[in-house]
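Trainee: I am attaching a structure below and will ask some questions about it afterwards.
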Amino acid sequence: FSETFLDSTQTRNSAVSRAKELDYTPRSHRAALASVRVTVTPTGDPAYITIPKGTRFRGLLNGNRYVFSNREAVTINSNNGFFSAILPIYEGEETTQKHLIASYDGTLTLQINNQNIDTNTLQIDVRPSVASSSRENWTKCLDILSVDGTSKIWYLQQNMYGFFETIFGDDVLGMKPIPGNVVEIKYNVTNGPAANGIRTFAGIDEIADTSNYTISTLSISSGGQDPEDIESIKFNAPRHYTIQNRA
């Protein structure tokens, strides 16, 4: 009986369920973040080079290997043939789930099949069909007052088994994907706090078609977190509901 009340629940899945009634989604894993300076010596004499989004770097800690990457592309202009930029890099490797949408009733719910995701990295693209290469980015809904039946949005919740789920609209509060669409869900799988404290990094991918670049660490990796625990959920959910996005 106590599991039916947020303040007396003893199991995390019950706390998640009660928090859902208060429109509160527990925090997922959070990836560790480091800041590095990347200095590239490209071939030829280009006016600029680009470090693409998702360029991978390797960090070692206690004999374990961790993969980091940048979340935004960076363009570096030439400074007398010198190319250098400060780059924030996050631990975790990108994974993509693809779902071919069949007919369904009600709303569409898709489970993310890894519990170690960082939900800050979630990105959802929708393709018209399997044969189509075009895709359109749908965004996470943060405020239902600004959406209608044509809004290309999705909602996020956590289920009782600890997996996150993306929920699409009902043609009233967001558009419904139609049968035949392909939904691509991209996200980073992270090790959370295990990747905190890394001091040195090396490149994995080429930059500007060369491996001739150096990496110096400006700040060691930090900020990696485990998912929100039950006591934090019980504390934050009712306060989130009380504030309801108001100042």
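Trainee: Does segment 52-74 contain any residue that is at positive phi, open to solvent by 40 Å² or more (accessible area, probe 1.4 Å) and modelled with pLDDT under 90? Quick ask: steps written out before the conclusion?
Mentor: First, the residues of segment 52-74 that are at positive phi: 54, 62-63.
Now narrow it down to the ones that are open to solvent by 40 Å² or more (accessible area, probe 1.4 Å): 62-63.
Right, trim to modelled with pLDDT under 90 and you get none.
Checked against the condition, which is being at positive phi, open to solvent by 40 Å² or more (accessible area, probe 1.4 Å) and modelled with pLDDT under 90, segment 52-74 yields no hits at all.
Trainee: Could I ask something else about it? Scan segment 86-129 residue by residue and report those that are of a type in the set (A, V, I, L, M) and exposed (fewer than 14 other Cβ atoms within 10 Å of the Cβ).
Mentor: Result: Ile86, Leu100, Ala102.
Trainee: Are there any pairs, at least 6 apart or on different chains, whose C-beta atoms fall under 8 Å, with the first in segment 128-154 and farther than 19 Å from Phe164 by Cβ and the second of a type in the set (S, T, N, Q) and in a loop (DSSP other than H, G, I, E, B), and if so, which?
Mentor: Cβ pairs passing all conditions: Pro128/Ser134; Pro128/Asn181; Ser129/Asn181; Asp143/Asn245.
Trainee: Report yes if Thr217 is of a type in the set (Ser, Thr, Tyr) and at pLDDT 95 or above, otherwise no.
Mentor: yes
Trainee: Do any strands (runs of 3 or more DSSP E) lying entirely in segment 11-100 carry at least 3 residues that are within 30 Å of Asn159 (Cα to Cα), and which ones are they? Even if it seems obvious, please write down each step before you answer.
Mentor: On the way: elements: 33-40, 48-51, 56-61, 64-69, 74-77, 83-91, 93-100.
By residue number, 64-69, 83-91, 93-100.
Trainee: For segment 70-81, how many residues are closer than 21 Å to Phe57 by Cβ and without any contact (Cβ under 8 Å) to a residue 40 or more places away in the chain?
Mentor: The first filter runs over segment 70-81 and keeps only residues closer than 21 Å to Phe57 by Cβ, leaving 70-76.
Still in the running and without any contact (Cβ under 8 Å) to a residue 40 or more places away in the chain: 70, 72-76.
The qualifying residues number 6.
Trainee: Failed condition for Val183, given (1) assigned to a strand (DSSP E or B); (2) more than 21 Å from Ser28 (Cα to Cα); (3) open to solvent by 30 Å² or more (accessible area, probe 1.4 Å), with all others met?
Mentor: Here Val183 clears every test but (3).
Trainee: Filter segment 194-247 for residues that are open to solvent by 50 Å² or more (accessible area, probe 1.4 Å), among the β-branched types (Val, Ile, Thr) and within 30 Å of Asn13 (Cβ to Cβ) and give the result.
Mentor: Correct list: Thr242, Ile243.
Trainee: Based on this model, can you work out whether Ser35 counts as polar (S, T, N, Q), in contact with a Pro (Cβ under 8 Å, 6 or more places away or on another chain), open to solvent by 20 Å² or more (accessible area, probe 1.4 Å) and within 30 Å of Asn181 (Cα to Cα)?
Mentor: no
Trainee: Given the criteria outside any loop (DSSP other than H, G, I, E, B), touching a residue at least 60 places away in the same chain (Cβ under 8 Å) and either in contact with a strand residue (DSSP E or B) (Cβ under 8 Å, 6 or more places away or on another chain) or more than 30 Å from Ser129 (Cα to Cα) (or both), does Thr217 qualify?
Mentor: yes
The values are calculated or read from the model by the stated rules, or taken from the named source; none is laboratory data. Owing to the predicted nature of the structure, the values given are computational and were not obtained by experimental measurement. Virtual Cβ from ideal backbone geometry, glycine too; neighbours counted across all protein chains shown. For the accessible areas, the whole protein counts, side chains as well, though only heavy atoms, and no ligand, DNA or RNA atoms are used. Shrake-Rupley method; radii C 1.70, N 1.55, O 1.52, S 1.80 Å.
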